[in-house]
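> I'd like to ask you about the structure that follows.
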Amino acid sequence: MSDALTSLDRPNSYIGRSVPRPNAKRLLAGRGRYITDIVLPRMLHVAFVRSPHAHARIVGIDAEDARKMPGVRLIATGADLAKVCKPWVGTLDHFKGMKSTPQLPLPLDKVVYAGQAVVAVVADTRALAEDAAEAVLVEYEELPAVIDIDAARTPGTPVISPELGDNICFHGKIDTGDIDTIFAGAAHVVEEEFHFGRHTAVTMEPRAIVADFDPNEMRLTAHHATQTPYQFQDIYARHFGIPEANVRVVAPDIGGSFGMKLHVYHEDMATVGLSMLLGRPVKYVADRIESFVTDIHARDHRVRARMALDSEGTIIAMDVDDVTAVGPFSAYPRTSVVEGNQVFRLIGTPYRFQNYRADLQVVFQNKVQMSQYRAVGHPIAFAVTERLVDMAAARTGLDPVEIRSRNLIPDDAYPCAAPTGYKFESLSHHACLARLRELMDYDRLRAEQAELRRRNIYRGIGIASFVEISNPGPAFYGVGGARISSQDGAVITITPSGDVRCAISVTELGQGTETIVGQIVGEHLGVDRERIKVITGDTENTPHGGAVWACRGAGIGGETALRAARKLKENVISLAGSILQEQPDRLDVRAGWIVDAASGRQRIELAEIARIAYFRSDTLPPGTQAQLTVAQHFAPQGFPFAFTNGIQASHVEVDVETGFVKILKHWVVEDCGRVINPLLVDEQMRGGVVQGLGAAFFEECVYDDNGQLTNGSLADYLVPMAGEMPDIEIAHVETPTLDTELGAKGCGEAGTAASPAAALNAVNDAIAPFAASIAQLPMTPSRILKALGRI
Amino acid sequence: MKARAFSYARPTTVVEALQTFAASGDDASYIAGGQSLVPALALRLQAPQVLIDIAHIPELRGIALQDGWLRIGALTRHCETLSDPLIARHAPLFHDAAPYVAHPAIRNKGTLGGSIALADPASEFPAMALAMGVELEIANLSGSRRVPADEYFIDLFQTAIEPGELLTAIHVPVVQPSHRWAFDELARRRGDYAIVGSGILADMRDELVAQIRLVLFGVGNTPVRAKRAEDALRGRQLDQSAIVAAQAALSDDLAPPDDEHTPAAMRIHLARVLLGRLLGRIAEVA
Ligand SMILES: Cc1cc2nc3c(=O)[nH]c(=O)nc-3n(C[C@H](O)[C@H](O)[C@H](O)COP(=O)(O)OP(=O)(O)OC[C@H]3O[C@@H](n4cnc5c(N)ncnc54)[C@H](O)[C@@H]3O)c2cc1C
């Protein structure tokens, strides 16, 4: 803390301050209330009989013995649940030509991935349900499984859903023209084929739902571990034929989501249907094994890409071919095309060049569904781009910092657009690069690297620039026909004691939404944040809104809170003016007092205004109706998305005999616009970087040739752990968006967006003396040893 | 992931435990620290009718020196192998390996006896038992016997312990002043089961390798003594050429499993690297 006074030293100046989360202590003390903690009267539990095959026809189901087992209340099949649930199809209109098959809670006649739920067994306890599930006999006729990323497109491969005609979900193209000519005339061309494994979210709290249907009032309450309660309110209402106003979705404490908990899952829909069939509450909590085989997976791309440069090392064009396999159908309601779409639109975007051609094929295969997970598409786009930039640096003899400084979009060139159509309001690539260089002491590290190589110690330095999509407007889903809101809503009330309640549609998943909303309301209303209660995650108590996804909580939810707080403050001041017989423009609210705006002299306490408004309205001037509750909605306007940017660096040491990598250090310089809470932004960066390093070195869902997930447990699927993670140093550059008064953009995905790219470049830099290179994530010891030619 | 229903017994003597097992018609499991058994129950990989909790049997505890052997009770927990001064001094490979076994919470519960009875081929303690040439004390209703480690490991999760028998103690021949030892492993993350690990106990006389026990784990169905590599070293100085010879011999000693992520060739390669590094360490202090 410096001694000089700053703008943060005004009363209630919370924006920009590292205030701790008010809910942290409660969660630490074990007082969290997660779905699994919820116990309702007459509640039952469901377990699922799952398919052992990746692709098979269901020939018969024999549940006779199981039905007689202790505690069993219902055994339901696909046909039973189809009676209460309308099918869903995961397509969006703006992805022209995309297709997918209708889905039901449980399949009628066919399974399309190993682990797919086939029969639901509802019993008094989960253990009894599992006992009975073991006694259900399902007869299958196995069908050939489509597993390989290329097999799905090869003629003659069995078609998973014959009604679709082929295994292609979507085909997209971008072409600015003349690419072949440009490459033919380029001074330098670098190219590579990249492979990105599947991985999954591995949230601490698994997916969970308690569905409680009351047939007497046609009322459904779903306690649901999700980040988007309103989206599910809409889905449950429409697919189960319940009036929307009768559907309440409550998301209590959520133990991480990362995008994983905003998709429709068969088990969750089945649980709602079972509650309707039984008229009793039914709980489903996925266990870890179920999570691995049924939570969405992400990534799984094979990208062939090349980059053309002129003789000065200026990038002039890129040409990209991406194939991604998304499972047997497209996820609902956000589809499984968004990741590929973001990959092929984000590639190259930090750089100036304008010639671009890209082909995206999204294909089906018999593995679990793939969909949006933290940093959707970004890690792939930037690993491809940044690795090619490093290869170009090596080819042209330029230092990796120098080639970036020649090619990044200049900081004064905004607004501008990428050849892929994305529009940038204002970014700070060069400021970030300069800051990174000094933060990591780049020149010293390079000198040390050269020195250590002489002693057979192989360290590598990798740099990666990125942009991140945040504050998405309706262009993201709404235009495609999805009933997913891009606006948020807030209702703020001053209570009779002068405390403040803010009910807002953005949700808390452990990332600190409630903290920043409290900060923003406190600052703009002029009250201490301790007096503000933020309410989230309940469709019955908060207005409709998009909640949190794609980095919108601070940028859109925060702006909603800001505008609501300002509106309420106006009401308070106008009322205070009446009471004090003072002109409102001479008054202000600070620290819970109405003060003289010019001198700061305290005039009357907010609590006193509230007391008068609620209990002694007779003392107000005639005609005065105090309005101490305001509602506000806000939808982003202006740029379709608020892009953020930044740069990361990774420092590694490769043991060239074992292929093991020690990650020594990681740096991030990021620009998410207005930083509301540096502590939380840093947490987001660090958590995001760790997830990205997980993808770079550890995490991969490995399937065998029969479509069986071979490492679906925490013993075999390696999540990054603290012991292997480096110190992560973070610095900020702030370029607020002018589209909102708050100026905040997203920061939740930036860490994940480019840490794999930085790590990929670092490992390649380390093994460069052996003329070895690697282009596959995760970079496991065996892959590194193979790259080095040691095995 | 819920265990099937089972009944639970808590004997307080070894004999009572053995009798309880016999009375169960063999459909029982002993449970010690539960760190391997409980996950197996939850996954329904095992579903015994009776769980016999041996954690309250005083005879299975205690660490004491007896006639040149260190007797370590089967219930000795992983964390004690880390902290106990007798183990550190007389059975140093258990002590050196302990920090690499799982994580503190698991080490607080898991037992040395449980680990060696289970005999996971990627586990540290069974391999170190083999490297130190321990004897395993095994009890049944007709008495107790001691089985040398060289005869104890039979196949994957299969040992000299017959159904219903209890491993009661581990007897370690205490290390001598001429002994040198080294332990290390290559695991993707600290606390994971290793891809390859090794423990070596060498008796160095006049700078020559008089005797050596060279054990690798994670490379087969049981911990493996690399006997050809031992032969390549016995009677020689631990110089670079001897080390290279031992590394070369390893491919005759090992037939590791082959899978896409860790091809057999990789395990052999890593075993050689590890062996070279460990022998180098021993040579430095020898
Ligand atoms: C997350 C995690 C990570 C782990 N990582 C490692 C690791 O890196 N390295 C490693 O070596 N281990 C690891 N383990 C396993 C751990 O060390 C176990 O504790 C140990 O293998 C078994 O000891 P236990 O006392 O818990 O045995 P239990 O789980 O109680 O029993 C295991 C088996 O041995 C039998 N048994 C137990 N005691 C006796 C006895 N005295 N006589 C006869 N049979 C007996 C039981 O019947 C059972 O079949 C890990 C475990 C977990 C949960």
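> Just grab the label-to-label distance for A:Arg611 and B:Asp27, each label 7 Å out from Cα along the Cβ direction, in nm (one decimal).
Roughly 7.4 nm, to one decimal.
> Still on this model: For the residue pair B:Asp155 and A:Leu738, what label-to-label distance in nm results when each label sits 7 Å from Cα along the Cα-to-beta-carbon direction?
7.7 nm
> A follow-up question, please. What percent does the relative contact order of the stretch A:614-685 come to when contacts are Cα pairs within less than 8 Å and at least six residues apart?
Values: 46 pairs, mean separation 16.5, N = 72.
Here the relative contact order equals 23 percent.
> Same structure, new question: Rounded to whole Å, give me the distance from the Cα center of the stretch A:242-318 to that of the stretch A:372-409.
Cα centres, the stretch A:242-318 to the stretch A:372-409: 29 Å.
> Could you compute the FRET efficiency for A:Arg601 and A:Arg219, with r as their C-beta to C-beta distance and R0 at 51 Å, rounded to 0.05? Mind showing how you got there, number by number?
On the way: r = 53 Å, r/R0 = 1.04.
Result of the calculation: an efficiency of 0.45.
> Let me ask something else about it. Using 0.36 nm per residue of separation minus the Cα-Cα distance, give me the extension gain between B:His179 and B:Glu260 in nm, one decimal.
Numbers: separation 81, 0.36 × 81 = 29.16 nm, distance 3.89 nm.
Between B:His179 and B:Glu260, full extension yields an extra 25.3 nm.
> From the backbone phi of the stretch A:536-553, what are the Karplus-calculated ³J(HN,Hα) couplings (6.51 cos²θ - 1.76 cosθ + 1.60, θ = phi - 60°) in whole Hz, Gly and Pro given as x?
So the J values, rounded to whole Hz, are 9, x, 8, 5, 7, 10, 9, x, 5, x, x, 6, 10, 5, 6, 6, 9, x.
> Okay, next question. Only counting other Cβ atoms within 10 Å, I'd like B:Met266, A:Met721, B:Met204 sorted with the fewest neighbours first.
Details: B:Met266 24, A:Met721 16, B:Met204 19.
Ranked by crowding around the Cβ, least crowded first: A:Met721, B:Met204, B:Met266.
> Please turn the phi angles of the stretch B:18-32 into ³J(HN,Hα) values with the Karplus equation 6.51 cos²θ - 1.76 cosθ + 1.60 (θ = phi - 60°), one per residue in order, whole Hz, x for glycine and proline.
For the stretch B:18-32, the Karplus-derived couplings read 5, 5, 4, 4, 4, 5, 7, x, 6, 9, 9, 9, 6, 10, 10 Hz, x marking Gly and Pro.
> I need A:Glu570, B:Glu207 ordered by Cβ neighbour count within 10 Å, fewest first. List each step's numbers first, then the result.
Values: A:Glu570 14, B:Glu207 11.
With the fewest neighbours first, A:Glu570, B:Glu207 line up as B:Glu207, A:Glu570.
> Sticking with this structure for a sec: Relative contact order, percent, of the stretch A:548-673 when contacts are C-alpha pairs under 8 Å separated by at least 6 residues?
20 percent
> What share of the DSSP beta bridges in chain A is antiparallel, in percent to the nearest 5? Let's see the in-between values first.
Numbers: 104 of 132 bridges.
Percentage antiparallel, nearest 5: 80.
> Something else: Mind listing the long-range amide H neighbours of B:Gly110? Cut-off is under 5 Å, sequence gap 5 or more, other chains count too, H placed in the peptide plane at 1.01 Å from N.
Correct list: B:His78.
> What angle do you read, to the nearest 10 degrees and between 0 and 90, between the alpha-carbon axis of helix B:264-285 and the longest principal axis of chain B?
Orientation of helix B:264-285: about 70 degrees from the principal axis.
> Could I ask something else about it? Determine the shielding of peptide B:265-271 by partner chains: average, over its residues, the number of Cβ atoms on other chains within 10 angstrom of each Cβ.
Numbers: counts 5, 9, 2, 1, 8, 9, 0.
The shielding value for this peptide is 5.
> Shifting gears a bit: Mean residue ellipticity at 222 nm from the helices of chain A, using -39,500 (n - 2.57) per DSSP H segment of n ≥ 4 over the full residue count, to the nearest 500 deg cm²/dmol? Please list the in-between numbers first.
Working: 19 runs with 209 residues, N = 791.
When only DSSP H runs of four or more count, the value is -8000 deg cm²/dmol.
> While we're on this one: Taking the DSSP beta bridges in the stretch A:292-398 as the whole, what percent of them are antiparallel, to the nearest 5?
Details: 9 of 19 bridges.
About 45 percent, rounded to the nearest 5.
> Going by C-beta contacts inside 10 Å, put A:Arg10, B:Arg205 in order with the fewest on the left. Please list the in-between numbers first.
Details: A:Arg10 13, B:Arg205 10.
Taking fewest neighbouring Cβ atoms as first place, the list is B:Arg205, A:Arg10.
> Each residue of the stretch A:244-249 in turn: what ³J(HN,Hα) in whole Hz from Karplus with 6.51, -1.76, 1.60 and θ = phi - 60°, glycine and Pro shown as x?
3, 5, 8, 9, 10, 10
> May I ask you to compute the full-extension gain from A:Gln637 to A:Glu139, defined as 0.36 nm times their residue separation minus their alpha-carbon distance, rounded to one decimal in nm?
Length gained, A:Gln637 through A:Glu139: 173.8 nm.
> Based on the Cβ-Cβ distance of B:Val147 and A:Val89, what FRET efficiency does E = 1/(1 + (r/R0)^6) give at R0 = 56 Å, to the nearest 0.05?
On the way: r = 64 Å, r/R0 = 1.14.
Efficiency at R0 = 56 Å is approximately 0.30.
> List residues of the stretch B:41-63, by number, whose backbone nitrogen lies under 19 Å from a label position 7 Å along Cα→C-beta of B:Asn108.
Hits in the stretch B:41-63 for B:Asn108 at 19 Å: B:55-56.
> A:Asp727 to A:Ala417: FRET efficiency via 1/(1 + (r/R0)^6), r the Cβ-Cβ distance, R0 35 Å, to the nearest 0.05? Display every interim value, and only then the final one.
On the way: r = 37 Å, r/R0 = 1.06.
Calculated transfer efficiency: 0.40.
> According to a simple spin-label model (label point 7 Å from Cα along Cα-to-Cβ), what is the distance in nm between A:Glu244 and B:Arg189?
Roughly 4.2 nm, to one decimal.
> Okay, next question. Can you tell me which of A:37-47, B:148-158 comes out highest on packing, and rank the rest after it, using the mean Cβ neighbours within 10 Å?
Working: A:37-47: 17.1, B:148-158: 15.4.
In descending order of packing, they fall as A:37-47, B:148-158.
> Separate question: What whole number of Å gives the distance from the Cα centroid of the stretch A:607-652 to the Cα centroid of the stretch A:453-489?
Answer, in whole Å: 28.
We did not get these values from a lab; they are worked out from the coordinates using the rules stated. Predicted model, so just to flag it, every value in this text is computed and none were measured. Here Cβ is always computed from backbone atoms with ideal geometry, including for glycine, and neighbour counts include all displayed protein chains.
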